[in-house]
Amino acid sequence: MMYAFSYHAPISLSEARKRFEESEDAAYISGGHTLLPTMKNRLAAPSDLVSLGQIEELQGIAVAEGCLTIGAAETHASVAASDAVTGRIPALAGLAGSIGDVQVRHRGTIGGSVANNDPAADYPSAVLALDARLHTSERVIEASDFFQGVYTTALEPGEILTKVGFRIPDTAGYAKMRNPASRYALAAAFVARFGDSVRVAITGASEDGVFRWTEAEERLSKDFSAGALAGLTLNEADMNEDIHASRGYRAHLAALCTRKAVELQGRLTLL
Amino acid sequence: MTTVSLTINGDRRQVDVEDRTLLVDLLRETLGMTGTHVGCDTTQCGACTVILDGKAVKSCTILAVMAEGAELRTIEGLADGDTLHPMQQAFCDNHALQCGFCTPGMIMAAVNIIERHGTDIDESLVRRELEGNLCRCTGYHNIVKAVLDVAGKLPRASE
Ligand SMILES: Cc1cc2nc3c(=O)[nH]c(=O)nc-3n(C[C@H](O)[C@H](O)[C@H](O)COP(=O)(O)OP(=O)(O)OC[C@H]3O[C@@H](n4cnc5c(N)ncnc54)[C@H](O)[C@@H]3O)c2cc1C
Ligand code: FES
Ligand code: FES
């Protein structure tokens with residue numbers, strides 16, 4: 001059983017911030033599909049849980065000025081099914097629809113996933129590749145400054161991620177090799193094209209979490225084809241190794257996912 | 001303690017729970033509704049699946065207090081007296097259960113598939129939508145058949 005805590009369900013951002021500051025050792029809870037398992041294992045024992053589920057500022061999906069903005073409290077299922085997302089960035093809708101299973105997608109949220117920065121999570125790759133801006137209760141953070149290594153982000157204690165604003169690319173593709181049990185990424189690549197510039201983000205593979213594969217970006221910016229990546233490999237020593245996959249296998253998968261995401265733009269590809 | 005007000009299988013309920021109570025424990029321990037099972041308690045198996053505001057969810061990974069104001073449906077709410085719900089009947093007819101441990105969660109997930117997709121479903125959709133439900137006995141084939149049967153998508157032997 002989890003340690004005891006007090007639960008709060010504020011209806012505004014300012015109330016949530018205040019509740020956090022006034023509590024001894026508070027944590028925000030969104031979908032709870034990462035936090036509650038952690039608390040059940042007693043790896044976390046907050047004194048107070050402040051729910052972000054009833055706050056309007058964290059909801060909604062909107063398109064404006066070349067940007068697709070998704071509220072932090074939107075579930076994976078609602079992102080996957082959104083006409084705005086499937087119409088503008090189908091690979092992103094596909095990514096959301098590839099997370100976990102249908103029950104997980106009904107509860108888990110984009111804000112929880114991005115704030116948590118699990119090294120095998122899907123969304124961080126889209127945030128980096130789509131050059132997103134992370135809106136918070138305090139400021140706006142550029143994607144390049146946001147992820148700071150495994151489970152670490154630029155968010156300060158108490159700061160709430162409110163919205164993720166993705167730049168809408170000309171085209172994008174996401175290719176993922178799923179862990180067959182959890183469906184987290186063993187390795188996955190998000191490849192987005194903005195005119196002549198190409199952004200490639202790899203998740204699941206590295207020891208340090210999501211990263212941009214700049215060598216692949218340089219080649220693809222000159223020649224956007226899977227062939228342009230021939231012979232290009234990732235450094236095995238930088239890859240993660242666990243019971244699911246070795247370093248070498250992850251390096252191989254990440255390169256394969258990148259080629260697939262280039263070949264199959266405009267969609268999700270599951271390997 | 002917090003008082004949670006919610007509708008369970010059509011009945012309005014007010015229940016006092018500790019904030020740390022899981023939704024599945026509110027059902028099983030507080031209310032004695034033991035139809036919803038706990039297989040893993042780690043969000044993997046789907047045995048605890050219930051339908052919360054029209055969506056299949058794993059009740060072992062939701063706090064009871066998060067269900068405030070919600071409409072909840074569980075396996076106990078499906079049958080009409082002695083008449084089984086069509087999905088329950090299809091599980092019987094298609095031999096879709098053996099030990100039965102996963103069955104309440106499977107059936108709630110399956111009912112929710114039909115609610116969200118209608119009867120316009122095929123085998124690959126059913127398999128994908130049941131990814132969150134594990135069964136250690138049946139090998140899944142007959143479970144998938146049962147869901148397709150309810151949707152009228154099962155080829156008959158005579159066809
Ligand atoms: C069985 C299973 C399979 C899964 N498979 C995948 C998968 O394939 N791919 C994948 O990417 N993920 C997967 N997940 C994780 C899932 O996507 C989680 O839902 C997600 O990582 C966290 O979102 P949440 O809304 O549940 O966050 P919570 O668990 O509520 O919160 C996670 C953390 O983020 C913080 N937080 C939440 N929201 C905010 C906010 N707005 N601002 C600041 N901090 C915040 C919380 O304090 C907490 O520390 C899986 C989970 C399970 C249980
Ligand atoms: S008991 Fe909830 S998923 Fe297994
Ligand atoms: S029937 Fe035994 S676990 Fe499914």
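Number of residues in segment A:228-262 that are surrounded by fewer than 16 Cβ atoms within 10 Å (Cβ to Cβ) and hydrophobic (A, V, I, L, M, F, W, C) equals 4.
The criterion of at least 3 residues that are of a type outside the set (D, E, K, R) and touching a Leu at 6+ places or on another chain (Cβ under 8 Å) is met by the following helices (runs of 4 or more DSSP H) wholly inside segment B:72-143: B:86-93, B:103-117. Criterion applied to B:123, B:115, B:159, B:129 was being more than 30 Å from residue A:50 (Cβ to Cβ), more than 16 Å from ligand 3 (Cβ to nearest atom) and at pLDDT below 95, and the one residue passing it is B:159.
In segment A:145-157 there is at least one residue matching the filter, namely being within 28 Å of residue A:12 (Cβ to Cβ), surrounded by 18 or more Cβ atoms within 10 Å (Cβ to Cβ), within 8 Å of ligand 1 (Cβ to nearest atom) and outside the structural domain of residue A:31 (by TED's automatic domain parsing). Applying the condition of being within 14 Å of chain A (Cβ to nearest Cβ) and away from ligand 1 (no atom under 16 Å from the Cβ) to segment B:119-134 and asking which residue is farthest from residue B:87 (Cα to Cα) yields B:124. The single residue among A:27, A:72 that is at negative phi and either free of Cβ contacts under 8 Å to residues at least 60 places away in the same chain or of a type in the set (Val, Ile, Thr) (or both) turns out to be A:27. Within segment B:73-93, restricting attention to residues that are charged (D, E, K, R) and over 17 Å from residue B:4 (Cα atoms), which residue is farthest from the other protein chains (Cβ to nearest Cβ)? Out of the qualifying residues, it is B:82. The set of residues in segment B:39-59 that are surrounded by 23 or more Cβ atoms within 10 Å (Cβ to Cβ), of a type in the set (A, V, I, L, M, F, W, C) and within 16 Å of ligand 3 (Cβ to nearest atom) comprises B:47, B:48.
Does segment A:111-120 include one or more residues that are within 21 Å of residue B:20 (Cβ to Cβ) and within 16 Å of the chain's Cα centre (by Cα)? Yes. Selection over segment A:150-163 of residues that are under 20 Å from residue A:27 (Cβ atoms) and under 13 Å from the mean Cα position of the chain (by Cα) gives a count of 5.
Quick one: is residue B:151 among the aliphatic types (A, V, I, L, M), more than 16 Å from ligand 2 (Cβ to nearest atom) and either within 14 Å of another protein chain (Cβ to nearest Cβ) or under 14 Å from the mean Cα position of the chain (by Cα) (or both)? Here the answer is no, as residue B:151 does not meet what is asked.
Looking at segment B:29-49, which of its residues are out of contact with any strand residue (DSSP E or B) (no Cβ under 7 Å at 6 or more places or on another chain) and within 8 Å of chain A (Cβ to nearest Cβ)? The answer is B:41, B:42, B:44. Kindly list the number of the only condition in (1) crowded, with 23+ Cβ neighbours inside 10 Å; (2) within 15 Å of ligand 2 (Cβ to nearest atom) that fails for residue B:146. For residue B:146, the exception is condition (2). The residues on offer are A:182, A:225, and the sole one that is surrounded by fewer than 24 Cβ atoms within 10 Å (Cβ to Cβ), away from ligand 1 (no atom under 16 Å from the Cβ) and more than 23 Å from residue A:134 (Cβ to Cβ) is A:225. The residues listed here are A:242, A:170; of these, the one that is acidic (Asp, Glu), without any contact (Cβ under 8 Å) to a residue 60 or more places away in the chain and closer than 23 Å to residue A:68 by Cα is A:170. Taking the condition within 15 Å of ligand 2 (Cβ to nearest atom), outside any loop (DSSP other than H, G, I, E, B) and away from every other protein chain (no Cβ under 13 Å), does residue B:6 pass? Here the answer is no, as residue B:6 does not meet what is asked. Among the candidates B:26, B:22, B:52, the residue that is touching a strand residue (DSSP E or B) at 6+ places or on another chain (Cβ under 6 Å), among the aliphatic types (A, V, I, L, M) and at the interface with chain A (Cβ under 9 Å from one of its Cβ atoms) is uniquely B:52. Looking at B:70, B:96, B:110, just one residue is more than 14 Å from chain A (Cβ to nearest Cβ) and away from ligand 1 (no atom under 16 Å from the Cβ), and that residue is B:96.
The values are calculated or read from the model by the stated rules, or taken from the named source; none is laboratory data. This structure is a prediction, so every number in the text was calculated from the model and none was measured. Heads up, the Cβs are rebuilt from the backbone with ideal geometry, glycines too, and the neighbour counts pull from every protein chain shown.
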